[in-house]
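Undergrad: Handing you this structure, nothing more for now.
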Amino acid sequence: MPARILIAGGGIGGLAAAVALARRGQGVEVLEQAASFAEVGAGIQLGPNVTRRLKALGLLEPALRLAARPTSVAARDAQDGALLARMPLADAIERKYGGPYLCMHRADLHSVLLHAARDLAPQVELNTAAPINQVAARGETVCVGSGGQRAWEGDGLIGADGLWSLVRSRVVEEAPPPRATGHTAWRALARIDALPAALRSADVQVWLGERLHAVAYPVRGGAWMNLVILAEVQPGGAGAKRQDPADWDQQADMAALLAAIGNRCDGVFPLIEAMPQWRAWQLNDRPPLTGPQDMVRGRVALLGDAAHPMLPYLAQGAGMAIEDAVALAERVGICGGEDLPAAFSGCAAARGQRNARVQARARRNGEVFHASGARRVARDAALRVLGAHLLDNPWLYEG
């Protein structure tokens, strides 16, 4: 008999898991703490390793209707905008890795997953206003409580409740809180047809500077431009009052951004100036996974940021959550409740090393992207000589 699996969190990872498990014949109940299913944020990049998973779930076509397919990725100097290297994307990367490279608004990807989950009712049940504050594994069941008012019971529980996961405490005992990195991402969106012609581009553009970098790319079918500035500073600059680190979508303004980055990003200034409004996100992460025990304990498993949060310097946070979801469904298959612990453990063993490598590489990329002095000179020289070879990630995209 198929299992009944609870999923804490109705974001990208939680809904991907719900769809993947339901397509394998499992019954799923999603518990979302917010009053409605929604996704905040801005742009997201989906490499071919991710789009192949969307295709396996039957979701690539609806994603393509909302996505932009960038023509290339171009690395530039943040100070003067000079081109350092370029790698073709579009058809070239799809031929090489079997999937397209897409740029989407997070809300659009979430919408694709949410529609798919709703289409799978009653096999997938979706609950909102369902915050979780209690988790207890009892024999062959897992019980989840919500403020003493509501309770759910299932054969297993998947924690897809993000960086500040409550479910994580049921898997990893005495774990420290997420690490404050001292890095901040400022995010902005603008309609491309509202930008000066010189600022419009179908590329993923990356500007590398000292202790910062910027990324811009089209989203929403190419109609909007997403820009993010990632810098080693708090949202308000040096000495700013520290805000709640769990509030990752804070109001910001261009004056605060410019004060924080100084003159280290002059090559991006015209695009920065053209953006109508800004949001700020303080970056936190955790150390790379040390083993399967960091992802599963008995009938409780973690995926995505609840298990392995990572800095956005490899553009793979959501991608790894989707990979986790598909891998978990493949392991669980159509097994009954009695087999869930073994299936969860098998998935954690299979996924742990890859997730840890992505976490570590994202941290390393931050150091390379933000290099200064002689290290920056050497990086730029290598990019000019090796170009696309350095921008490519075969180990990631083939996996």
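Undergrad: Kindly check whether there is at least one residue in segment 219-230 that is open to solvent by 40 Å² or more (accessible area, probe 1.4 Å), at positive phi and either part of a strand (DSSP E or B) or in contact (Cβ under 8 Å) with a residue 12 or more places away in the chain (or both).
TA: Yes; the residues of segment 219-230 include at least one that is open to solvent by 40 Å² or more (accessible area, probe 1.4 Å), at positive phi and either part of a strand (DSSP E or B) or in contact (Cβ under 8 Å) with a residue 12 or more places away in the chain (or both).
Undergrad: Can you tell me how many residues within segment 263-283 are closer than 18 Å to Ala252 by Cα, surrounded by fewer than 21 Cβ atoms within 10 Å (Cβ to Cβ) and not aliphatic (A, V, I, L, M)?
TA: 6
Undergrad: Scanning segment 329-340 for residues that are open to solvent by 10 Å² or more (accessible area, probe 1.4 Å) and either charged (D, E, K, R) or at pLDDT 95 or above (or both), which turns out farthest from Thr290 (Cα to Cα)?
TA: Among them, the one singled out is Glu338.
Undergrad: Here is a follow-up. Where residues in segment 352-382 are open to solvent by less than 50 Å² (accessible area, probe 1.4 Å) and β-branched (Val, Ile, Thr), which of them is nearest to Leu302 (Cα to Cα)?
TA: Restricting to residues being open to solvent by less than 50 Å² (accessible area, probe 1.4 Å) and β-branched (Val, Ile, Thr), the top hit is Val358.
Undergrad: For segment 189-201, give me the residue count where each residue is among the acidic types (Asp, Glu) and part of a strand (DSSP E or B).
TA: 0
Undergrad: Also: Go through (1) closer than 16 Å to Arg76 by Cβ; (2) outside any loop (DSSP other than H, G, I, E, B) for Trp186 and report which single condition fails.
TA: (1)
Undergrad: Evaluate the following for Pro2: is it over 30 Å from Ser201 (Cα atoms) and not aromatic (Phe, Trp, Tyr)?
TA: yes
One line per residue, one yes/no per condition, for (1) over 18 Å from the mean Cα position of the chain (by Cα); (2) on the phi < 0 side of the Ramachandran plot; (3) open to solvent by 60 Å² or more (accessible area, probe 1.4 Å); (4) among the hydroxyl-bearing types (Ser, Thr, Tyr):
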| site | (1), (2), (3), (4) |
| --- | --- |
| Ala137 | yes, yes, no, no |
| Gly148 | yes, no, yes, no |
| Ala180 | no, yes, no, no |
| Gly209 | yes, yes, no, no |
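Undergrad: Give me the pairs, please: first residue somewhere in segment 113-127 and under 19 Å from Leu66 (Cα atoms) and touching a residue at least 40 places away in the same chain (Cβ under 8 Å), second residue anywhere and open to solvent by 30 Å² or more (accessible area, probe 1.4 Å) and in a strand (DSSP E or B), beta-carbon distance under 9 Å, and either six or more positions apart or on two chains.
TA: Short answer, once both residue conditions are applied: Leu114/Leu126; Ala117/Leu126.
Undergrad: Filter segment 1-11 down to the residues that are within 26 Å of Pro218 (Cα to Cα) and open to solvent by 10 Å² or more (accessible area, probe 1.4 Å) and list them by number.
TA: Gly11
Undergrad: Taking the options Gly147, Gly156, name whichever one is free of Cβ contacts under 8 Å to residues at least 24 places away in the same chain and of a type outside the set (Asp, Glu).
TA: Residue meeting the stated conditions: Gly147.
Undergrad: If you don't mind, there's one more thing I want to ask. Give me the residue from segment 18-41 that is in a loop (DSSP other than H, G, I, E, B) and over 30 Å from Met275 (Cβ atoms) and, out of that set, most open to solvent (accessible area, probe 1.4 Å).
TA: Gln33
Undergrad: Which one of the conditions (1) modelled with pLDDT of 95 or more; (2) small (Gly, Ala, Ser); (3) farther than 30 Å from Thr290 by Cα; (4) touching a strand residue (DSSP E or B) at 6+ places or on another chain (Cβ under 6 Å) does Ala151 fail to meet, given that it meets all the rest?
TA: (1)
Undergrad: I've got another one for you. For residues that are surrounded by 12 or more Cβ atoms within 10 Å (Cβ to Cβ) and assigned to a loop (DSSP other than H, G, I, E, B), tally how many sit in segment 161-177.
TA: Of the residues in that region, 9 qualify.
Undergrad: Search segment 374-395 for residues being modelled with pLDDT of 95 or more and outside any helix (DSSP H, G or I), and hand back the single one that is nearest to Val206 (Cα to Cα).
TA: Filtering first and then ranking leaves Asp392.
The values are calculated or read from the model by the stated rules, or taken from the named source; none is laboratory data. Since the structure is predicted, the reported quantities are computational estimates derived from the model, not experimental observations. Note that each Cβ is placed from the backbone with ideal geometry, even for glycine, and that neighbours are counted across all protein chains shown. Calculation scope for accessible area: heavy atoms of the full protein, side chains included, ligands and nucleic acids excluded. Shrake-Rupley method; radii C 1.70, N 1.55, O 1.52, S 1.80 Å.
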